[in-house]
Amino acid sequence: TVVMGIETSCDETGVGFVQDGVLLGDALASSMAEHARFGGVVPEIAARAHVQAMVPTVQAALLDAGITLADVGAVAVTAGPGLATALHVGVAAAKAYALALGVPLYGVHHLAGHAAADTLEHGPLPARSVGLIVSGGHTSLLSVRDLVRTPIVHLSDTVDDAAGEAFDKVARLIGLPYPGGPSIDRAAKEGDRDAIRFPRPFTGPHDPPLGFSFSGLKTAVARHVEAHPDVNAEDVAASFQEAVADVLTAKALRACRDEDVETLVIVGGVAANSRIRELAAERCAAAGVDLRIPPMRLCTDNGAMIAAIGDLLVRDGATPSDPGFSAVPTVELRQAQLV
Ligand code: ATP
Ligand code: FE
Ligand code: MG
């Protein structure tokens with residue numbers, strides 16, 4: 001069965017086609033540039049851009065896959081979490097395609113999609129693994145079994161900002177362009193990561209050992225920049241990035257130890273970060289943990305990952321979603337199928 005995946009939870013319109021764990025092709029449109037002057041995603045602008053981009057992106061993905069709509073046997077769409085107005089566009093489009101084609105429809109969890117993205121590159125997940133989801137809206141450690149049958153267990157979350165949010169806010173503080181993650185990653189390459197010793201949040205003896213917090217780190221950066229107005233932005237970027245990478249990878253490996261698993265999967269937009277990838281690789285190698293991170297283009301939001309989780313559901317014989325479902329903007333990740 002060829003599964004079409006549709007993603008519109010934020011500012012990316014993504015469409016992908018997956019069959020039996022193989023990515024046939026995909027396409028992506030983004031309204032990122034339209035939000036840049038606001039310093040963050042404006043929901044109404046994102047929704048209108050999805051309406052404009054939806055059909056052309058489906059056509060581009062079909063072309064990339066070398067198939068036609070007649071080949072599609074199931075549709076999966078991000079039902080949540082995400083921006084409500086943006087989600088509704090994808091859900092409505094997915095319902096229209098599924099109805100017109102007479103194929104089943106699955107409303108899936110965006111973060112399960114992020115996790116499934118890795119299977120397109122590295123094949124099925126092992127029986128047990130630890131997942132680190134780091135994105136614009138989430139920072140969580142998860143105990144993952146098979147992604148579709150067994151509920152996903154949250155080991156920890158951030159108590160305040162998500163890691164991606166911290167990258168975006170710190171970039172603004174030091175005058176780097178939106179979106180902040182890629183800007184900081186680039187600037188950090190020209191800076192010294194040992195220039196400033198920023199705090200490693202939640203690493204004290206009385207802190208939750210797997211918990212995350214990033215707002216204090218952001219404040220520490222703000223204070224430092226205030227106190228040293230002529231500080232080199234590249235050094236701040238590199239030192240901040242080092243603090244985030246250090247905390248994320250140390251806690252992820254601690255979770256692997258606690259859970260006694262041998263595989264760590266890092267997914268989500270922040271998994272595109274070059275220093276996080278490097279430090280995770282070093283520390284996993286030292287601990288004998290198998291590290292899986294999808295290639296960068298599958299880390300940030302895309303349609304292929306939604307097709308990937310849809311394909312896992314289809315092959316598992318999951319019951320299609322009720323055709324009356326609506327988007328679910330706020331929800332925790334427990335099951336891959338959300339509605
Ligand atoms: P969520 O998936 O939680 O709903 P989202 O869809 O906005 O949120 P993603 O698209 O998965 O999140 O990731 C976007 C985030 O990833 C942004 O905060 C962005 O700054 C960050 N990001 C992207 N590339 C990098 C990078 N190279 N280094 C650090 N952060 C990055
Ligand atoms: Fe995302
Ligand atoms: Mg995004």
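The values are calculated or read from the model by the stated rules, or taken from the named source; none is laboratory data. Everything numeric in this text was worked out from a predicted model, so none of it was measured. Don't worry about glycine lacking a Cβ; one is built from the backbone with ideal geometry, like all the others, and counts go over all protein chains shown.
Yes/no per residue for (1) surrounded by 23 or more Cβ atoms within 10 Å (Cβ to Cβ); (2) touching a Cys at 6+ places or on another chain (Cβ under 6 Å); (3) aliphatic (A, V, I, L, M):
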{"position": "8", "(1), (2), (3)": "yes, no, no"}
{"position": "15", "(1), (2), (3)": "yes, no, yes"}
{"position": "25", "(1), (2), (3)": "no, no, no"}
{"position": "45", "(1), (2), (3)": "no, no, yes"}
{"position": "66", "(1), (2), (3)": "no, no, no"}
{"position": "70", "(1), (2), (3)": "no, no, yes"}
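Could you check segment 288-308 and list, in sequence order, the residues that are among the acidic types (Asp, Glu) and within 13 Å of ligand 3 (Cβ to nearest atom)?
First pass over segment 288-308, keeping only residues among the acidic types (Asp, Glu): 290, 301.
Within segment 288-308, just 301 meets the criteria.
Exactly one of these conditions fails for residue 39: (1) within 14 Å of ligand 1 (Cβ to nearest atom); (2) at pLDDT 95 or above; (3) over 17 Å from residue 301 (Cβ atoms). Give me its number.
Single failed check for residue 39: (2).
Please go through segment 147-179 and give me each residue that is within 16 Å of ligand 3 (Cβ to nearest atom), part of a helix (DSSP H, G or I) and more than 15 Å from the chain's Cα centre (by Cα), ordered by number.
169, 171 - these are the residues of segment 147-179 that are within 16 Å of ligand 3 (Cβ to nearest atom), part of a helix (DSSP H, G or I) and more than 15 Å from the chain's Cα centre (by Cα).
Could you tell me whether residue 274 is more than 16 Å from ligand 3 (Cβ to nearest atom), under 24 Å from residue 10 (Cβ atoms) and surrounded by fewer than 19 Cβ atoms within 10 Å (Cβ to Cβ)?
Numbers: more than 16 Å from ligand 3 (Cβ to nearest atom): yes; under 24 Å from residue 10 (Cβ atoms): yes; surrounded by fewer than 19 Cβ atoms within 10 Å (Cβ to Cβ): yes.
Taking the combined requirement at face value, the residue satisfies it.
Taking segment 259-292, which residues are in a helix (DSSP H, G or I) and over 18 Å from residue 134 (Cα atoms)?
259, 282, 285, 286, 287, listed by residue number.
Among the residues in segment 64-72, are any touching a Gly at 6+ places or on another chain (Cβ under 6 Å) and assigned to a helix (DSSP H, G or I)? Spell out how you get there, then give the answer.
Taking segment 64-72 as the starting set, the residues that turn out to be touching a Gly at 6+ places or on another chain (Cβ under 6 Å) are 64-65.
If we keep only those that are assigned to a helix (DSSP H, G or I) too, we end up with 64-65.
Yes, segment 64-72 has at least one match.
Tell me, which residue of segment 6-30 that is assigned to a loop (DSSP other than H, G, I, E, B) and out of contact with any strand residue (DSSP E or B) (no Cβ under 8 Å at 6 or more places or on another chain) is nearest to ligand 1 (Cβ to nearest atom)? Give the steps one after another, and end with the answer.
Looking only at segment 6-30, we keep the residues that are assigned to a loop (DSSP other than H, G, I, E, B), and these are 8-11, 20-21.
The next check asks that each one be out of contact with any strand residue (DSSP E or B) (no Cβ under 8 Å at 6 or more places or on another chain); those that pass are 10, 20-21.
Values: 10: 4, 20: 25, 21: 21 Å.
The extreme case among them is 10.
Of all residues in segment 112-135, count the ones that are farther than 14 Å from residue 294 by Cα and surrounded by 24 or more Cβ atoms within 10 Å (Cβ to Cβ). Let's see the steps before the verdict.
Initial filter on segment 112-135 (farther than 14 Å from residue 294 by Cα): 126-130.
Adding the requirement that they be surrounded by 24 or more Cβ atoms within 10 Å (Cβ to Cβ) leaves 129-130.
Here the count works out to 2.
All but one of (1) under 30 Å from residue 34 (Cβ atoms); (2) without any contact (Cβ under 8 Å) to a residue 40 or more places away in the chain; (3) not small (Gly, Ala, Ser) hold for residue 205, so report the exception by its number.
(1)
Only one of (1) of a type in the set (Gly, Ala, Ser); (2) at pLDDT 95 or above; (3) closer than 21 Å to residue 30 by Cα is not met by residue 98, so which one is it?
Against the list (1) of a type in the set (Gly, Ala, Ser); (2) at pLDDT 95 or above; (3) closer than 21 Å to residue 30 by Cα, residue 98 comes up short only on (3).
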